[in-house]
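Following: one structure in structure tokens, then a few remarks.
The values are calculated or read from the model by the stated rules, or taken from the named source; none is laboratory data. This one's a predicted model, so the numbers in the text were calculated from it and none came from an experiment. Quick reminder, even Gly has a Cβ in these numbers, built from the backbone with ideal geometry, and neighbours come from all protein chains shown. When the accessible area is computed, the model is the full protein with side chains, heavy atoms only, and any ligands, DNA or RNA have been set aside. Shrake-Rupley method; radii C 1.70, N 1.55, O 1.52, S 1.80 Å.
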Amino acid sequence: METIINYFETIPSSHRSLILIGGLTLFWLLEGGLPLFKYKYNKWKHALPNLFFTLTTIIVNFALASLLYWSSSWVVAHNFGIINWLFPDTQPLWLYAFLGVLLLDFFGAYLAHFVEHKVKPLWMVHLVHHTDHKVDTTTANRHHPIESVIRFAFTLFGVFAVGTPFALVMLYQAMSLIFTQFTHANIKLPKGLDKALSYFIISPDMHKIHHHYRLPYTDSNYGNIFSIWDRLLGTYMYMDRENLVYGVDVFPDEVKNGQIKELLKQPFQKYEKPTLSADVEE
């Protein structure tokens, strides 16, 4: 564990880029051999806006990276935050690291995601992620630049609340990147395996329920890495994968939802209230 921590303390930018590109390539290839849905689409054309927003996310995170480094250094120097209060001598290291990643996953991902769905202006920003009608691994980082800033702010808050050192922040971000690529990938795991995984981590089927086009499924399964937060806080839902329909019911124009210019304007459109799925309206 100490070797892992030391590595992520000084992880080169080139290695972080390799994780991004390597994960994207791996799941892109797996989608070809183990597809959940056999999309009839030009995969590269579909990927273009998603890769554009991946680039804007990288730019935002790079521009604000110094704040993340400063905050993580400050909490360690001042022994501030939950894990530093629980483990002032950072021992046992494996438990210190596990709780650091687990709690940062709550503040930086689950909480941010939950709030984005409950606050209308933030939902309109987050909408860009949900209006993909062909969810695949490239959808993972399809976030409007404004959302990238919002997510960064929650991560920064999480660093202060949890007290995570820089190495754990980098470890969490690497894990988060791979997990989001995995859970969005258009891959078909055996149902039993997917279900078993969902008791511990966010599985592909579990997250794709969140991408169903109608409530209440859209407002469920907010987790990023660990499924404990959805199960503990009552936001877990299940539906059969064969019934999934991607997108958002009140923004059904698939052509517009695949154009970068239209997606950049999407947060500034008039809010429209989503509707409930027919099977829960009765």
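Here are the numbers for the structure shown:
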item: Residues of region 244-254 that turn out to be over 17 Å from Asp136 (Cα atoms) and not aromatic (Phe, Trp, Tyr), as a count; result: 4
item: Flag for Trp28 being over 18 Å from Tyr172 (Cβ atoms) and in contact with a Ser or Thr (Cβ under 9 Å, 6 or more places away or on another chain); result: yes
item: Condition broken by Tyr172, with the remaining ones in (1) in contact with a His (Cβ under 9 Å, 6 or more places away or on another chain); (2) open to solvent by less than 30 Å² (accessible area, probe 1.4 Å); (3) aromatic (Phe, Trp, Tyr) satisfied; result: (1)
item: Positions within region 191-243 being over 13 Å from His130 (Cβ atoms), among the hydrophobic types (A, V, I, L, M, F, W, C) and touching a Phe, Trp or Tyr at 6+ places or on another chain (Cβ under 9 Å), in sequence order; result: Phe200, Ile201, Ile202, Met206, Ile225, Phe226, Ile228, Trp229, Leu233, Met237, Met239
item: Among (1) touching a residue at least 40 places away in the same chain (Cβ under 8 Å); (2) aromatic (Phe, Trp, Tyr); (3) surrounded by fewer than 18 Cβ atoms within 10 Å (Cβ to Cβ) - the single one Phe182 does not satisfy; result: (3)
item: Scan of region 209-261 for residues that are among the acidic types (Asp, Glu) and either touching a residue at least 24 places away in the same chain (Cβ under 8 Å) or in a helix (DSSP H, G or I) (or both), ordered by number; result: Asp219, Asp230, Glu242, Asp249, Glu254
item: Residues of region 24-62 classified as assigned to a helix (DSSP H, G or I), surrounded by fewer than 16 Cβ atoms within 10 Å (Cβ to Cβ) and of a type in the set (Ser, Thr, Tyr), total; result: 1
item: Single unsatisfied condition, Ile21 versus (1) in a helix (DSSP H, G or I); (2) more than 18 Å from Asn61 (Cβ to Cβ); (3) open to solvent by 40 Å² or more (accessible area, probe 1.4 Å); result: (2)
item: Search result, residues across region 73-97 that are open to solvent by 80 Å² or more (accessible area, probe 1.4 Å) and closer than 12 Å to Val162 by Cβ; result: Trp85, Leu86
item: One residue from Pro274, Pro267 being in contact with a strand residue (DSSP E or B) (Cβ under 7 Å, 6 or more places away or on another chain), more than 17 Å from Thr137 (Cα to Cα) and either not β-branched (Val, Ile, Thr) or not in a helix (DSSP H, G or I) (or both); result: Pro274
item: Residue list for region 1-17, restricted to those being surrounded by 12 or more Cβ atoms within 10 Å (Cβ to Cβ) and either in contact with a strand residue (DSSP E or B) (Cβ under 7 Å, 6 or more places away or on another chain) or part of a helix (DSSP H, G or I) (or both); result: Ile4, Ile5, Tyr7, Phe8, Glu9, His15, Arg16
